[in-house]
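K.L.:
Below is one structure. I have some questions about it.
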Amino acid sequence: MKIYCILFDTFPRHPEIEELFKSKGLHFGDYLTQPDTVTTMISMFSGCRPSEMRDTGIGHSHTYANLSDKDKKIWDDKILLKHLPDDWKIHIHAMPPTRGMTVQLGDVGQCTTM
């Protein structure tokens, strides 16, 4: 089984996008986002608001890298991907590092970025 979650970080949504998804038998729904893509993705991966992940909030970059080991453990425990079976392969497709987007999820087993 493959599960895909595709975030179109755009507003307003175009009706043709919804029609395309539905024509392929895929579910299409709205998601109330955060002020930027980073915090939106963190809330999708954790089920938490950014202020619940870190009481001082989440910056656009380097938040995870700047956490102490203790805080990284607390963060990692909140990431939903950590609670999936070990044999699940997780692929995250994002902008390449040359565009400034990196994925910091901590140790989630077989997690690769594309």
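No value in this document is a laboratory result; all are computed from the given coordinates. Since this is a predicted model, take the numbers as computed values, not measurements. Counting neighbours? That spans all protein chains shown, and the Cβs are built from the backbone with ideal geometry, glycine included.
K.L.:
Quick one: of K22/K82; K2/K24; K22/K89, which pairs are farther than 23 Å apart, Cα to Cα? Present the calculation step by step, with values, prior to reporting the outcome.
P.N.:
Numbers: K22/K82 30 Å; K2/K24 15 Å; K22/K89 26 Å.
Too far apart for the 23 Å limit: K22/K82; K22/K89.
K.L.:
Apply the Karplus parameterisation 6.51 cos²θ - 1.76 cosθ + 1.60, with θ equal to phi minus 60°, to every residue of region 60-75 and state each ³J(HN,Hα) to the nearest whole Hz, in sequence, with x for glycine and proline.
P.N.:
Couplings: 5, 8, 6, 4, 4, 4, 8, 6, 6, 4, 4, 5, 5, 5, 4, 4 Hz.
K.L.:
Efficiency by 1/(1 + (r/R0)^6): what FRET value for I92 and S68, r their Cβ-Cβ distance, R0 = 35 Å, to the nearest 0.05?
P.N.:
Efficiency computed from Cβ-Cβ geometry: 0.90.
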